[in-house]
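Nothing in this text is a laboratory measurement; each read-out follows from the coordinates by a stated rule. Bear in mind the structure is a predicted one, so any value in this text is a computation, not a measurement. FYI the Cβ positions are ideal-geometry reconstructions off the backbone, even for glycines, and counts take in every protein chain you see.
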Amino acid sequence: MITSKRVSLILLALAMVAMAVAHPLQLAAQAATPKSSSGRDSSGGVQWSVQVVQVDPGDVNLSPSFQIAIYESLLQELGKTKQFKQVLREGDRNATEVSDLLILKTTVQKYTAGSETRRAVTTVSGATKLTVRSQLCTRGGQVIVERTVDGNVRFLGSNLRATHNLARNVANTIKQSALPEPSLSVPAQGAQ
């Protein structure tokens, strides 16, 4: 027999899990926003902000759940890098007010559906693989960084784990790239 105290603890735990699942990006975005409102990084330079555009499936037959998972993972991983002053979603009205904004465009080039069962049985087959072309552009369309990035899950883990690995690789690639200094004199224009 379950006591009321035990039921209360179970409900509290479920509510905490539900909140963490429902609002992880809000928490990541808050953690990614620097304490200084001046927009300066730790070295004293001005930081870019980035707006992430919805993932383009290209010519690949990719399920909407994978597209959304890549998009959400990109937002989360870019926030973790602390390289950007703000990480914004596509369609965010606040983006028009941001003067130093870069736009991240991601197009899927290859996708190999894997099998969690086959991965669990053998380490030789069943890998889920994703390859994307990632472009970091200015509002005017000038490409600053363009890379082909892979993400996969070869051994244990769900197929959607490949989207997390891909987003982490894209974020690391951008972090390792030399971005130009943002210009404070660039007027804010409508995002493309």
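Of note:
- Estimated inter-spin distance, Asp56 and Asn152, nm [label 7 Å along Cα→Cβ]: 2.5
- Burial ordering of Glu72, Glu90, fewest other beta-carbon atoms within 10 Å first: Glu90, Glu72
- With neighbour counts taken as other beta-carbon atoms within 10 Å, the residues Ile144, Ile103, Ile70, Ile174 rank, fewest first, as Ile144, Ile103, Ile174, Ile70.
- Ordering Arg139, Arg93, Arg133 by the number of other Cβ atoms within 10 Å of each residue's own Cβ, fewest first, gives Arg93, Arg133, Arg139.
- Cross-link reach is defined here as a Cα-Cα straight distance under 16 Å, omitting same-chain residues fewer than 8 places apart; for Lys80 the aspartates and glutamates meeting it are Asp41, Glu72.
- Approximate spin-label separation Ser65-Thr107, in nm, with each point projected 7 Å along Cα-to-Cβ: 2.7
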